[in-house]
1. What residue, of 93, 80, is in contact with a helix residue (DSSP H, G or I) (Cβ under 8 Å, 6 or more places away or on another chain), crowded, with 20+ Cβ neighbours inside 10 Å and at pLDDT 95 or above?
2. Where residues in the stretch 127-137 are part of a loop (DSSP other than H, G, I, E, B) and under 21 Å from residue 81 (Cβ atoms), which of them is nearest to the chain's Cα centre (by Cα)?
3. Can you name the residue in the stretch 105-126 that is at pLDDT below 95 and more than 14 Å from residue 93 (Cβ to Cβ) and, of all such residues, is surrounded by the most Cβ atoms within 10 Å (Cβ to Cβ)?
4. Check residue 141 against each of (1) assigned to a helix (DSSP H, G or I); (2) at pLDDT 90 or above and name the one condition it does not meet.
5. In the stretch 147-180, what residues are within 17 Å of the chain's Cα centre (by Cα) and at pLDDT 90 or above?
6. Tell me which residues, restricted to the stretch 20-54, are at pLDDT below 75 and either exposed (fewer than 14 other Cβ atoms within 10 Å of the Cβ) or in contact with a helix residue (DSSP H, G or I) (Cβ under 7 Å, 6 or more places away or on another chain) (or both).
7. Assess whether residue 64 counts as being in contact (Cβ under 8 Å) with a residue 60 or more places away in the chain and in contact with a strand residue (DSSP E or B) (Cβ under 7 Å, 6 or more places away or on another chain).
């Protein structure tokens, strides 16, 4: 919406990933509510068992453009990273921040354990095809549950983890800022 205000609606649009032939993109990890646990989703879209493989996952648009979205989202990503590692999944996560992300968003991602690379713009389709899977937060404000669910539950669900199984005492900020 911000890009459309700057360059016009005809010059900036969000393409629904369903409009792109599935063989052009890696697997898009969907919400737990829609597709089940992330381990199962990765198992269905990797060569057999996702354990003992190096899986590369892209995180599109980070977890939003604002610092609050990023702090909560990065803490959830750290939890997801640890969860997948505990299941034997070797994971490399690259974060692609939105072009209009607030100053500091990229720094938060760079400080998040488990993040390999942070980029300040979107990848090409050719680059995206180098990944085994991706999470897509390009349509964050319109994603189901964004304004109605607890923020942490929203992110866990959309990262492919059942929020009901996440310990209620999980602290979103301390894992990232324990050294501050």
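The values are calculated or read from the model by the stated rules, or taken from the named source; none is laboratory data. What you are looking at is a predicted structure, and each value in this text was computed from that prediction instead of being measured. Cβ atoms come from the backbone with ideal geometry, glycine included; neighbour counts cover every protein chain shown.
1. 93
2. Among those residues, the one meeting the criterion is 137.
3. Out of the qualifying residues, it is 122.
4. Going through (1) assigned to a helix (DSSP H, G or I); (2) at pLDDT 90 or above one by one, residue 141 breaks only (2).
5. Within the stretch 147-180, 153, 154, 155, 156, 157, 158, 159, 160, 161, 162, 163 qualify.
6. 20, 21, 22, 44, 47, 48, 49, 50, 52
7. The answer is no for residue 64.
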